[in-house]
Amino acid sequence: MLYVVKRDGREVEFNSDKIAQAIKGSANEIGLNLRESQVLDTVHKVITYIESEYKRTITVEQIQNFVEEALKDEGHKDIAVAYSSYRRERTKVREIKSDLMRAIRQIGIETDRDNANVGNNFSSKLLRIASESNKWNTLAIMPKNLARAHETGDLYYHDLDSYNLTVNCLHIPTKEILENGFNTGYGTINAPRRIETAAELSCILLQSTQNDMFGGQSHPDFDNDMAIFVDPTRDEIRKELEELEIPENKIEQLIEKKVRKKVQQAMQGVVYNLNTMHSRAGSQVPFSSINIGLPTSEDAALVCEVFLLEYEKGLGKGEQPIFPNIIFRVKEGVNREENNPYFYLYKLACRVASKRMNPTFMNIDADFNKEYYDQGYVPATMGCRTYLMKNINGEPGCKGRGNIAPTTLNLPRIGLQAKGDINKFFEILDSRMELAKESLMHRYEVLKGLRVKDLPFVAGQGLMKGAENLGPDDSIEPILKQGTWGIGFIGIAETLVALIGKHHGEDSEARALGVRIIEHIRQYCDRLTEEYKLNWSCYATPAEGLSGKFIKQDQKIFGIIKGVTDKEYYTNSYHVPVSHPISIKEKIDIEAPYHKLCNGGHISYLEVDDTPDAETVMDIINYAYKNTNISYVGVNFHIRYCRECGTYLHNNENKCPKCASQDIQGISRVTGYLSLDERFGAGKYHEREDRISHTGDHGHHY
């Protein structure tokens, strides 16, 4: 009796009928019909081979080898080729299935940390399992050369699990949507009449939008958009007070006091909602950004001021709010100078940032921002750093637009492959950019197959530019033409070390070469914009999970190379390495030129000791904005507070100085947003460990 050893180790009785069926199937695949006698002859030959070599057990693979050999010996070479091809495909499917099952089992233990905003609950795990499954599906549907580039680490296609399902991010046209009302699928929400309702609905907009997309969302002009609901609130209060027959000389004072109280309640609701309401199947709070700081009315200034004060208060015990990302826009003549009408808001923003790490700051006087501001289009950005203003297919600006999808280049690998030859580096870079373009054009072709009803809220309710006049069954292609297609990059620092032995924080030659490399990518994107009539952009990739993925792949190929692959992460985009001792001014000066080049998104971080004071934050921002063309800046430090009583800790205490609790929560910034320390991915965990504070002019740490 002969037994077949299955791939899972089980032993089953040998069955020649299965060989016959496999032979018939391969013949049918190429359009041949074998006579029964031909099939039996081939099966008999297989049995002969087996009997001559095996006595008790044989593996499935060994039987299949004999089937191929017998088919050739019997003169059925075409069928043998078909059978061999089928075997390879089945092997590939089994490997994918095996890898997928392994990934699913691991997710069942704990979700990965590609996104530090994703939790570890049931919803998070279920979402990650679905995500992992669609990644495999996506790699199967794309051309093999593109799949290979992603799998080997030459390129990275962001959010592969969403490749065929949706687009990245959006600046919501908040005022316009609220004024018109909207429908989340269960009935119409009418335009709000009061500031509290408008603020609550602004959170619903973020939550509902995120359920249709894989990236983050922004209110691009929050204080001005909310301001239109303050005056109707004031009118209601006035009517109520008049009915109470309050004396005229007291009524105006009372009205403004009550209006401020209503705005306070509304803004507190925004902070609380955005740290408690969940999106994406309950797996995370909305990745939200709110742009403020350029009020066009006193009511907008009130919203801006009160919102900052409510964020400064924190949550119930004073804990650090994780969201929203706050971007305070700084403009000479509006808020930057002491004699500006809204300087007090800038001063307050610096005070809040000195405690909360939010807001970050955007320089509207950077020439590429001012160009649009002077035309009446107010720039905004996101905490995830998405930026867009130019539009080859219509009116510029950011409302109703976002990034469609990015592909990231592994620049350090190109640096290593060039072996010090700069010309060779640019040759390889050109070929990788072509591949990146090909990947994004493939994604475009896939995404234009989606219909408006596949993005029922953002497209169906007209939040996205290009959705005008589209019906539920229309292609979303007009929307794809309004957003940006980003070619991103990671690890300029390691790339420069690989090429010339020093990075841009160490050497003037490296500094010039770094800018030259990113200029080259930007010029390529500009050419694509004209050629394809799509909005291509150069993108300073945040690289949260990717920072650790690329370097692990490169360590396997190139080994450990000092200054390049000798740690657990690649440095974020164009940043000076976090462990390199450098003054704040030097870091700003070195990184500033990249902001204009990276028209798909950019940010620079300045790391300081403990919690800085408000004056230090303002000094840093003022130096950056008065002396360079830098745009988007954040001041980083490590926040630690007591979970029991909310007291903030300083000087690395191990227990709370107020209640003696040792239950201490750490908060750090990861690629644009704040996160609990324990949620950092492996690469970013090691990067945070390496961060050192930058020094001031005289060597002291800020």
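The values are calculated or read from the model by the stated rules, or taken from the named source; none is laboratory data. Predicted, not measured: the structure shown is a model, and the values here were computed from it. Here Cβ is always computed from backbone atoms with ideal geometry, including for glycine, and neighbour counts include all displayed protein chains. We work out accessible area using only protein heavy atoms, side chains counted, and drop any ligands, DNA or RNA first. Shrake-Rupley method; radii C 1.70, N 1.55, O 1.52, S 1.80 Å.
Evaluation of I50 against the conditions (1) farther than 19 Å from M1 by Cα; (2) touching a strand residue (DSSP E or B) at 6+ places or on another chain (Cβ under 8 Å) shows that the sole unmet condition is (1).
Listed by position, the helices (runs of 4 or more DSSP H) inside the range 169-231 whose residues that are of a type in the set (V, I, T) and open to solvent by less than 20 Å² (accessible area, probe 1.4 Å) number at least 1 are 174-180, 195-210. Selection of the range 239-283 for residues being surrounded by 17 or more Cβ atoms within 10 Å (Cβ to Cβ) and charged (D, E, K, R) yields K258, K262, R280. Is it true that C659 is in contact with a strand residue (DSSP E or B) (Cβ under 7 Å, 6 or more places away or on another chain) and buried (at least 17 other Cβ atoms within 10 Å of the Cβ)? Answer is no for this residue. Got a number for residues in the range 338-362 being assigned to a helix (DSSP H, G or I) and open to solvent by 10 Å² or more (accessible area, probe 1.4 Å)? So the answer is 7.
Quick check on the range 290-305. Is at least one of its residues of a type outside the set (K, R), in contact (Cβ under 8 Å) with a residue 60 or more places away in the chain, crowded, with 24+ Cβ neighbours inside 10 Å and assigned to a loop (DSSP other than H, G, I, E, B)? Yes, because at least one residue in the range 290-305 is of a type outside the set (K, R), in contact (Cβ under 8 Å) with a residue 60 or more places away in the chain, crowded, with 24+ Cβ neighbours inside 10 Å and assigned to a loop (DSSP other than H, G, I, E, B).
Let's see how each residue does on (1) within 30 Å of D526 (Cα to Cα); (2) hydroxyl-bearing (S, T, Y):
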{"site": "Y594", "(1), (2)": "yes, yes"}
{"site": "D609", "(1), (2)": "no, no"}
{"site": "N627", "(1), (2)": "yes, no"}
{"site": "I667", "(1), (2)": "no, no"}
{"site": "E678", "(1), (2)": "no, no"}
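R451 is checked against (1) surrounded by 23 or more Cβ atoms within 10 Å (Cβ to Cβ); (2) in contact with a strand residue (DSSP E or B) (Cβ under 7 Å, 6 or more places away or on another chain) and fails just one. What number does that condition carry? Evaluating R451 over (1) surrounded by 23 or more Cβ atoms within 10 Å (Cβ to Cβ); (2) in contact with a strand residue (DSSP E or B) (Cβ under 7 Å, 6 or more places away or on another chain) leaves (1) as the failure.
Screening the candidates P321, P359, P341 for the property of being modelled with pLDDT under 95 and assigned by the TED database to the domain that holds P286 yields one hit, P321.
Pairing residues of the range 642-658 that are under 13 Å from G314 (Cβ atoms) and free of Cβ contacts under 8 Å to residues at least 24 places away in the same chain with residues that are among the polar types (S, T, N, Q) and in a loop (DSSP other than H, G, I, E, B), at Cβ distances under 6 Å and at least 6 apart in sequence or on separate chains, gives C642/S661. Taken residue by residue, the range 420-440 has at least one member that is part of a helix (DSSP H, G or I), closer than 23 Å to P478 by Cα, in contact with a helix residue (DSSP H, G or I) (Cβ under 7 Å, 6 or more places away or on another chain) and open to solvent by 10 Å² or more (accessible area, probe 1.4 Å). Residues of the range 3-34 that are in contact (Cβ under 8 Å) with a residue 24 or more places away in the chain and farther than 23 Å from R56 by Cβ: I23, G25, S26, A27, E29, I30, L32, L34. Report yes if some residue within the range 268-276 is small (G, A, S) and assigned to a strand (DSSP E or B); otherwise report no. No, the range 268-276 has no match at all.
Conditions tested, residue by residue: (1) within 27 Å of I517 (Cα to Cα); (2) basic (K, R).
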residue: G420; (1), (2): yes, no
residue: E427; (1), (2): yes, no
residue: L435; (1), (2): yes, no
residue: R451; (1), (2): no, yes
residue: I476; (1), (2): no, no
residue: W485; (1), (2): yes, no
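One residue stands out among those in the range 1-29 that are within 48 Å of the chain's Cα centre (by Cα) and open to solvent by 100 Å² or more (accessible area, probe 1.4 Å): the one that is farthest from K55 (Cα to Cα), which is E29.
Inspect the range 327-337 for any residue being in contact with a Ser or Thr (Cβ under 7 Å, 6 or more places away or on another chain), under 24 Å from Y625 (Cα atoms) and outside any loop (DSSP other than H, G, I, E, B) and give the result as yes or no. Yes, some residue in the range 327-337 is in contact with a Ser or Thr (Cβ under 7 Å, 6 or more places away or on another chain), under 24 Å from Y625 (Cα atoms) and outside any loop (DSSP other than H, G, I, E, B). Within the bounds of the range 518-527, is there any residue that is touching a Ser or Thr at 6+ places or on another chain (Cβ under 6 Å), among the aromatic types (F, W, Y) and assigned by the TED database to the domain that holds Y156? Checked against the condition, which is being touching a Ser or Thr at 6+ places or on another chain (Cβ under 6 Å), among the aromatic types (F, W, Y) and assigned by the TED database to the domain that holds Y156, the range 518-527 yields no hits at all. A single member of D610, D589 is of a type outside the set (S, T, Y), without any contact (Cβ under 8 Å) to a residue 60 or more places away in the chain and part of a loop (DSSP other than H, G, I, E, B), and it is D610. Per this entry, D112 is counted among residues that are at pLDDT below 65 and part of a loop (DSSP other than H, G, I, E, B). Listed by position, the helices (runs of 4 or more DSSP H) inside the range 490-562 whose residues that are of a type outside the set (K, R) and surrounded by fewer than 19 Cβ atoms within 10 Å (Cβ to Cβ) number at least 3 are 508-532, 546-558.
So which residues in the range 563-576 are more than 23 Å from F361 (Cβ to Cβ) and either touching a residue at least 40 places away in the same chain (Cβ under 8 Å) or open to solvent by less than 10 Å² (accessible area, probe 1.4 Å) (or both), if there are any at all?
G563, V564, T565, K567, E568, Y569, Y570
Considering the range 601-617, the residues that are open to solvent by less than 30 Å² (accessible area, probe 1.4 Å) and in contact with a helix residue (DSSP H, G or I) (Cβ under 8 Å, 6 or more places away or on another chain) include one that is farthest from Y574 (Cα to Cα), namely A614. May I ask you to verify whether V446 is hydrophobic (A, V, I, L, M, F, W, C), within 30 Å of P173 (Cβ to Cβ) and assigned to a loop (DSSP other than H, G, I, E, B)? Here the answer is no, as V446 does not meet what is asked. Just one of the listed residues (I414, I487, I479) is open to solvent by less than 10 Å² (accessible area, probe 1.4 Å) and either of a type in the set (K, R) or not in a helix (DSSP H, G or I) (or both), namely I487.
Checking the range 375-396 against the condition returns no match, with no residue being at pLDDT 95 or above, part of a helix (DSSP H, G or I) and within 22 Å of V670 (Cβ to Cβ).
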